[in-house]
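Accompanying notes for the structure given below.
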Amino acid sequence: MSEIKGQLLGIILVLSIFLTVSVALTAIFTNMTNSVESKVSEIVEFDNQSQTIQG
């Protein structure tokens with residue numbers, strides 16, 4: 001019976017670690033996506049302004 005409890009504990013630990021890592025990676029990639037999106041929009045906005053000035 002203790003062998004089954006040990007296996008269940010191992011499965012629960014693996015699932016909790018996987019859940020923690022997936023939540024952390026999701027948060028990291030969401031922040032990176034927002035950062036890249038804002039920088040790209042700044043570049044596009046700057047490019048549009050320079051074309052308006054030149055045009």
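The values are calculated or read from the model by the stated rules, or taken from the named source; none is laboratory data. All values derive from a computational prediction rather than experimental measurement. A quick note on method: Cβ atoms are made from the backbone with ideal geometry, for glycine too, and the neighbour counts reach across all protein chains shown. We work out accessible area using only protein heavy atoms, side chains counted, and drop any ligands, DNA or RNA first. Shrake-Rupley method; radii C 1.70, N 1.55, O 1.52, S 1.80 Å.
Odds and ends about this structure:
- Mean silhouette area of the chain, derived from the convex hull of its C-alpha atoms and averaged over all directions, reads 3.6 nm².
- Accessible area of the chain belonging to carbon and sulfur atoms, whole % at 1.4 Å probe: 70
- Take the Cα of L25, step 7 Å toward its Cβ, do the same at L13, and the gap between the two points is 2.1 nm.
- With respect to the chain, whose longest principal axis is taken over its alpha-carbon atoms, helix 2-54 is tilted by about 0°.
- The mean accessible area for residues of the range 1-40, using a 1.4 Å probe and ignoring ligands and nucleic acids, is 91 Å² per residue.
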